[in-house]
Amino acid sequence: MERDRTHVLPQGFRATIAAMARIAFIGTGGTFSNEGTAPTDYLSYLHSGKVLPAPEVLRLMPEVSEWATIIPVGFAALRSKGIGPAQWIGLARRVNEVAADPEIDGVIISHGTGVLEETAYFLHLTVRAAVPIVLVGAQRPPTTIGSDAQKNFLDAVHWIRAHPRRRGEEQADASGAVVVMNQQVHGARDVAKLANHTLSAMESPAAGPLARVNVDGSVTVYRRPVRRHTITSEFAAQEAAARREGGEGLPRVDVVHQYAGADAAALDAHVAAGAQGLVVVGFPPGTNTPAIEEAITKHAQAGVTIVQASRAIRDPQILPRVDLAGRVLNTDLSPQHARILLMLALAEGYRGGEVQRVFEEY
């Protein structure tokens, strides 16, 4: 695909855009919102630092107000490791409420980087919003030397400014939910955290980034997502939690990672715990140990939906083979993203071919 190298909204428009852009900021916690314990605390804050609410985080970034009006929105102060499906559902509701305001031009969500990619993809599939949704994280707390928090936030503002909302129209941002870090814009479907501490930890290993935010605030776009998301997503037609009256949860889906000599203990345990679906991460290009193969056959016959995936990071797609008949074949999704998509598909009552269709369309 030929790259779109269009530069949009250069720095000369700064004053005009600052007056126009109204951006909601939802803080969920993580390194981005952590006060840390010292200017050189790049590690111990993970268990001892204080998580700041959104208004206090904004006070650490006063320069951002020169570019846009930032409106803090309450949600929760959480560490990344404490976020899961229940929090995703609540966050999706909050984003839908905020994005419905015709005076809001975009939504920025700060988030811990540990599960940032998973939250981003859930919102990408379930939020029915016509404005840009940007998730930002940081590798260094905002109070430390060399923190990337403020720059990541400012770049998120620049991305939203590059998608001015047309008043009175239901105009969707073609990119859906994105992650902005280290001057790169990653699609929620493609992004993964591939390093523990470096500033370039977030990458899109299979597809590459969507765009780059330049130092002057302009944006260079490389490509646009082609899969369904946000207002074109069937999972955004209704909020995920409202699909079953009286229930807040999503069907249990677990991920089983493979290694040499793996037996079926983990797979069997997940099914015994109530898993309705499994993402089985096999050896490239999608093979499993004999014990895992036997267990897959047994549980598939009992009604468990099996997605065959692979440990390959840069080329994860599973191509059709005779020995994989009856399984859902993963596309180029990471195993953790495949789990989210399978949960949503099962929540809709999809099985078999309908689940495969979802994987091909999303």
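The values are calculated or read from the model by the stated rules, or taken from the named source; none is laboratory data. Quick caveat, the model's predicted, so the values are computed rather than measured. Cβ atoms come from the backbone with ideal geometry, glycine included; neighbour counts cover every protein chain shown.
Overview of values
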| item | result |
| --- | --- |
| Residues located in segment 36-47, provided they are touching a residue at least 60 places away in the same chain (Cβ under 8 Å) and not in a loop (DSSP other than H, G, I, E, B) | Y45 |
| Unique residue being at pLDDT 95 or above, surrounded by fewer than 17 Cβ atoms within 10 Å (Cβ to Cβ) and part of a helix (DSSP H, G or I) when the list is A300, A338 | A300 |
| Any hit, segment 113-126, residues being modelled with pLDDT of 95 or more, of a type in the set (A, V, I, L, M, F, W, C) and more than 26 Å from T198 (Cα to Cα) | yes |
| Options S110, S175; residue that is of a type in the set (G, A, S), modelled with pLDDT under 95 and touching a strand residue (DSSP E or B) at 6+ places or on another chain (Cβ under 8 Å) | S175 |
| Failed item, numbered, when R166 is tested on (1) over 16 Å from the mean Cα position of the chain (by Cα); (2) modelled with pLDDT under 95; (3) closer than 30 Å to L342 by Cα | (3) |
| Boolean, G217 is closer than 24 Å to T113 by Cα and in contact (Cβ under 8 Å) with a residue 60 or more places away in the chain | yes |
| Looking only at segment 90-115, and only at residues there that are under 22 Å from H158 (Cβ atoms) and touching a Ser or Thr at 6+ places or on another chain (Cβ under 7 Å), the one that is surrounded by the fewest Cβ atoms within 10 Å (Cβ to Cβ) | T113 |
| Qualifying residue in segment 277-290 (condition: of a type in the set (V, I, T), assigned by TED's automatic domain parsing to the domain that holds I340, in contact with a strand residue (DSSP E or B) (Cβ under 6 Å, 6 or more places away or on another chain) and farther than 13 Å from R327 by Cα) | no |
| Count of residues meeting criterion [assigned to a helix (DSSP H, G or I) and surrounded by fewer than 20 Cβ atoms within 10 Å (Cβ to Cβ)] in segment 48-63 | 7 |
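Each row is one residue, and each column tells you yes or no for (1) part of a helix (DSSP H, G or I); (2) in contact with a helix residue (DSSP H, G or I) (Cβ under 6 Å, 6 or more places away or on another chain); (3) in the same structural domain as V221 (by TED's automatic domain parsing); (4) closer than 15 Å to G29 by Cα.
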{"position": "A76", "(1), (2), (3), (4)": "no, no, yes, yes"}
{"position": "P102", "(1), (2), (3), (4)": "no, no, yes, no"}
{"position": "A120", "(1), (2), (3), (4)": "yes, no, yes, yes"}
{"position": "L125", "(1), (2), (3), (4)": "yes, yes, yes, no"}
{"position": "L135", "(1), (2), (3), (4)": "no, yes, yes, yes"}
{"position": "A138", "(1), (2), (3), (4)": "no, yes, yes, yes"}
{"position": "H163", "(1), (2), (3), (4)": "no, no, yes, no"}
{"position": "A174", "(1), (2), (3), (4)": "no, no, yes, no"}
{"position": "V178", "(1), (2), (3), (4)": "no, no, yes, no"}
